[in-house]
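Here the structure comes first, spelled out in structure tokens, and everything after it is commentary.
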Amino acid sequence: MKKLVVGHLAERNLKSGIQLLDGKCYPNLSFDNEVVALYSEKGHLLGSAYLSKQNKGVGWFINKNKVDLNQAYFEELFRRAKEKRKSYSHSDLTTAYRVFNQDGDDFGGISIDLYNDYALFSWYNPYVYQLREIICKAFQNIFPEVSGAYEKIRFKGLDYESAHLFGQESPQTFTVLENGVAYSVFLNDGLMTGIFLDQHDVRASLVDGLAQSQSVLNMFSYTAAFSVAAAMGGATKTTSVDLAKRSRELSEAHFLANGLSTDQHQFVVMDVFEYFKYAKRKGLCFDMIVIDPPSFARNKKQTFSVVKDYHKLITQAVEILSPKGTIIASTNASNMTVEQFKKQLDKGFGQTKHRYHSLNQLPADFTYNKNDESSNYLKVFTIKVDV
């Protein structure tokens with residue numbers, strides 16, 4: 001195992017419990033994709049880490065001791081992760097959830113989700129990808145009930161991004177349950193699956209009464225999962241807006257899975273900012289507006305960054321919101337703190353009176369590193385607006 005001496009800032013991060021290796025703290029690395037022993041400038045062993053560049057950092061801290069990343073090591077990680085999620089495995093209402101979540105389960109660079117009897121592995125860097133045979137064997141020993149698995153490649157350099165990994169193959173599309181609501185999913189079609197599992201709790205609030213008797217506008221709707229949850233929770237009508245042409249087909253599949261008529265549920269393929277203008281021009285008004293944009297997006301006319309531009313969405317949403325309406329504002333930007341997000345929202349509201357009703361973050365199955373705020377990346381405010 002190679003020895004890597006780190007500077008004061010890197011040492012401070014490690015001792016505070018941050019597992020992600022920030023590239024700014026590790027300049028001029030001469031090696032990559034291997035395990036190293038980390039030492040302070042005074043010669044003290046800080047622990048072991050693996051180096052492998054990904055979109056977040058240059059590697060991950062593993063353990064305070066030197067380790068051998070063998071099958072037994074991963075079996076112990078998976079055993080602990082499985083124990084944490086007993087309530088999900090015993091649930092009849094939810095059959096899709098996360099069973100391993102990177103540094104929240106003490107090993108960054110890999111996440112694993114369950115969709116009924118199938119597992120979905122996401123590899124975030126080349127090093128964990130190299131270990132996938134050992135990791136998969138360990139997983140199968142701890143989760144023998146899993147029938148088959150797929151993988152998603154979330155780093156650059158390979159000529160594919162999705163594939164069958166082991167065991168039985170799943171149907172091309174099938175339904176899973178979340179809070180008693182059915183969703184149509186797919187495991188081997190690009191990087192998406194038809195649902196973002198980290199929004200469990202937000203959709204639960206819609207099902208459990210928040211959307212009752214409301215007209216709901218769902219912006220950046222993707223497959224309209226929020227809209228389906230709202231409809232199942234008694235919304236009078238929903239409008240789902242997304243620029244992707246395929247969004248309409250995928251959204252309708254969720255409604256069909258629940259036996260819902262789409263007569264009062266509209267799917268609009270349009271740029272969100274253009275739809276705001278359209279709705280204002282037509283005098284449309286909604287009781288509830290859900291805003292869940294990607295962290296960064298670009299189209300022919302403009303670019304959008306959550307960190308800089310979220311306030312523009314709030315300003316335009318207020319203009320078509322019913323009196324005493326509700327805005328659900330969401331972001332998964334890990335480089336944005338709760339306080340920074342709230343500042344963007346307040347900037348968007350301007351002089352409009354509003355009350356922060358609740359804040360949702362990652363659900364229990366998405367365990368996160370409590371020593372690293374960026375690990376708890378999801379931020380969802382439910383806001384009551386006095387207009």
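Some notes on this structure:
- Each 5 Å bin from zero holds the following percent of Cα-Cα pairs in the stretch 135-183: 5, 15, 18, 20, 21, 16, 4, 1.
- Of D68, D242, D201, the residue with the greatest mean-square motion in the GNM of the chain, using alpha carbon springs below 10 Å, is D68.
- Over the residues of the chain, the helix contribution to mean residue ellipticity at 222 nm works out to -7500 deg cm²/dmol, using -39500 (n - 2.57) for each DSSP H run of at least 4.
- The Cα trace of the stretch 70-129 gives Rg and Dmax of 11.9, 36 Å, the first to one decimal, the second as a whole number.
- Interatomic Cα distance distribution for the chain, bins of 10 angstrom, percent: 5, 22, 30, 24, 14, 5, 0
- Here K384 is the anchor, and the aspartates and glutamates within straight C-alpha reach of less than 12 Å, apart from those fewer than 8 places off in the same chain, are D287.
- Between Y97, L114, N65, the Cα set farthest toward the positive side of the dipole of the stretch 51-116 (charges on each charged residue's Cβ, about the Cα centre) is that of N65.
- What the Cα atoms of the stretch 205-332 give is an Rg and a Dmax of 13.8, 40 Å.
- Members of K15/K379; K15/K66; K2/K82 lying beyond 21 Å, as alpha-carbon distances in this model show: K15/K379; K2/K82
- Quarter of the Cα convex hull surface for the stretch 314-376, i.e. its orientation-mean projected area (nm²): 5.1
- Max mean-square fluctuation residue, GNM over the chain, Cα-Cα springs under 10 Å, options N13, N179, N188: N13
- Heavy-atom accessible area per residue - the chain, 1.4 Å, Å²: 46
- Where both bridge residues fall in the chain, DSSP classifies roughly 60% of the beta bridges as antiparallel.
- Rounded to the nearest 20 debye, the dipole magnitude of the chain is 1360 debye, with +1 charges on Lys and Arg beta carbons, -1 on Asp and Glu beta carbons, and the Cα centre as origin.
- Phi angles of the stretch 310-327 translate, via the Karplus equation with coefficients 6.51, -1.76, 1.60 and θ = phi - 60°, into HN-Hα couplings of 4, 4, 5, 5, 5, 4, 6, 5, 4, 5, 10, 9, 5, x, 6, x, 10, 10 Hz per residue; Gly and Pro are given as x.
- Candidates E151, E133, E252: whichever shows maximal mean-square fluctuation once the chain is modelled as a Gaussian network with Cα springs under 10 Å: E133
- Only protein atoms count toward the accessible area here, which uses a 1.4 Å probe; on the chain, the carbon and sulfur part of that area reaches 48 percent.
- Along each principal axis, taking the top coordinate minus the bottom one, the Cα set of the stretch 236-302 gives 38, 27, 17 Å in descending order.
- Close amide-amide hydrogen proximity is noted between S240 and N218, Q266, F267, V268, each under 5 Å apart and 5 or more residues distant or on a separate chain (H modeled in the peptide plane; Pro and chain starts excluded).
- Whole-percent pair-distance distribution, where bins are 10 Å wide, for the alpha carbons of the stretch 167-249: 18, 47, 28, 6, 1
- DSSP beta bridges confined to the stretch 253-387 are antiparallel in about 75 percent of cases.
- Principal axis box of the stretch 6-75, alpha-carbon based, largest edge first, Å: 33, 27, 21
The values are calculated or read from the model by the stated rules, or taken from the named source; none is laboratory data. Everything numeric here is computed off the predicted structure, so don't read it as measured data. Counting neighbours? That spans all protein chains shown, and the Cβs are built from the backbone with ideal geometry, glycine included. Heavy atoms of the whole protein, side chains included, go into the accessibility calculation; ligands, DNA and RNA do not. Shrake-Rupley method; radii C 1.70, N 1.55, O 1.52, S 1.80 Å.
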